[in-house]
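The structure appears right after this line, and notes come after that.
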Amino acid sequence: MREYAVVLLAAGLVTFLATPVVRVAAVRLRVMAAVRDRDVHVIPTPRGGGVAMYLGVAAGVLVASQLPSLQRSFEYNSQTIAVLVAGGLICLLGVLDDRFGLDALTKLTGQIASAGVMVLLGVQLAYVFLPVADIGTLSLGSDVGVPATILLTVLTVNALNFIDGLDGLAAGVSAIAALAFFSYSYHLGAVGYDDVASAPALITAVLAGACLGFLPHNFNPARIFMGDSGSMLVGLMLSAAAVSATGQTDSQTLGSAASLLPLTLPLLVPVAVLFIPFIDLLMAVIRRTRKGQSPFSPDKMHLHHRLLSIGHSHRRAVLIMYFWAALLSFGAVALSITGGTVEVLVIIGALLVVGVVVVLSPRARRAAIAAREAELAAMKERSRAAHPASRVLRDGAGPDAGGVPAGAAARSSSAAAGVPR
């Protein structure tokens, strides 16, 4: 564990120190995010922070290769090197998009090519456990495993790209997801189902370090954006971690036979960890398709935009997304480690309630304020109608008939209702 901490700190430190240099270069090369209608930033901001993140990832991998225990993760397989090479390719693709604005087809082609390189170098789905109809574990050949891995990678890359809409959102959610995957992978190694010095644990440790090192520069108000170079790099590494941690192990060999839960968790954990990016991607595709638009056409209806629209501040919306990402991902990991004890389920349920209350609190406040304003308006109207001066005016009586002058009646009615003039 200490060596993983060293690797995480190395990746974080290199990313933190490299980000200001990348920011200066981005300004000079005019790699800037212009202000658009769907954006929340108000001034042009440099992007391309993914370059600094990749440097941090590379530094973390280099440090790991020199540590005695973690060297085993390079000896037994080439998955870490595969992720490093493919990550460099997709980061370069992102840099080109950040600078020149590539079209959707070109980006998709580059994503598929980068995922293909990763697969060719050793990262591939081998097993999938389906806990339905007594199907059990399916062993995937290359004819199914290769396209499935590429599809998962492309989906994850675009899902992370979709949630990169608020300062610090993608970096924070990615760090949480990486730490959750690391906990799951390390646990598998610690209890004997895998080696502690495994590729998924190393990949997620360096990714978490890079995201945490970048976050101080990217949190609101952001001084630099990670851009597509960062979001696509993070997506590729998370998909590689999911494939390495859950797609190359037969779930039915993961011992606790007390229930089916331990068998379904290898499928549940990656889904839970990546739930927020995936659900945002799915909702965006459905929303845009129903309108007859391209799934890649931008809009301002993502989950983080909805949080802003119901009254949350920028930072509060980001922190809420952090909370849900942590609850879902670490909740799934806690279930995998404990086997789903009553105490864990109660804690997760209580936090779910807290999360819903926090999300809806601005809407509840606005609804309460609106209801109170309507109630006060109705009370004022009833006060005016019930005031003697109002009855005199309705009867058409003037001052000579013992009534009250119109101006005085109006002033009296306003005062009775508590309305300032």
Computed over the range 1-114, Cα set: Rg, Dmax in Å: 16.8, 52
Surrounding net charge for Met226, when Lys and Arg each add one and Asp and Glu each subtract one, Cβ distance under 9 Å: -1
Surface accessible to a 1.4 Å probe, per residue, for the residues of the range 33-116, Å²: 47 Å²
5 angstrom amide H check on Gly49, placed H, neighbours 5+ away: Phe225, Met226, Gly227
Segment Ala5-Leu360, length gained on full extension (0.36 nm per residue, minus Cα span): 124.1 nm
Ala377-Leu108 FRET efficiency (beta carbon distance; Förster radius 45 Å; 0.05 resolution): 0.25
Hz values of 3J(HN,Hα) by residue in the range 147-156 - Karplus curve (6.51, -1.76, 1.60), Gly and Pro given as x: x, 5, 5, 5, 4, 4, 5, 5, 4, 5
The range 103-118 - phi-based ³J(HN,Hα) in whole Hz, Karplus 6.51/-1.76/1.60, Gly and Pro as x: 6, 4, 5, 5, 4, 4, 4, x, 5, 5, 5, 5, 5, x, 4, 4
Potential lengthening between Ile286 and Ser65 on full extension [0.36 nm per residue; Cα-Cα distance subtracted]: 75.2 nm
Protein accessible area in the range 90-243, 1.4 Å probe - carbon and sulfur %: 67 percent
Volume in Å³ per residue [convex hull over Cα atoms, computed for the range 163-233]: 74 Å³
Amide proton proximity set for Tyr127, modelled H, under 5 Å, gap of 5+: Leu140, Gln248, Thr249
Approximate spin-label separation Leu319-Leu96, in nm, with each point projected 7 Å along Cα-to-Cβ: 4.2 nm
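The values are calculated or read from the model by the stated rules, or taken from the named source; none is laboratory data. Computed from a predicted model, the values in this text were never measured in an experiment. Note that each Cβ is placed from the backbone with ideal geometry, even for glycine, and that neighbours are counted across all protein chains shown. Areas reflect the complete protein model, heavy atoms only, side chains present, ligands, DNA and RNA absent. Shrake-Rupley method; radii C 1.70, N 1.55, O 1.52, S 1.80 Å.
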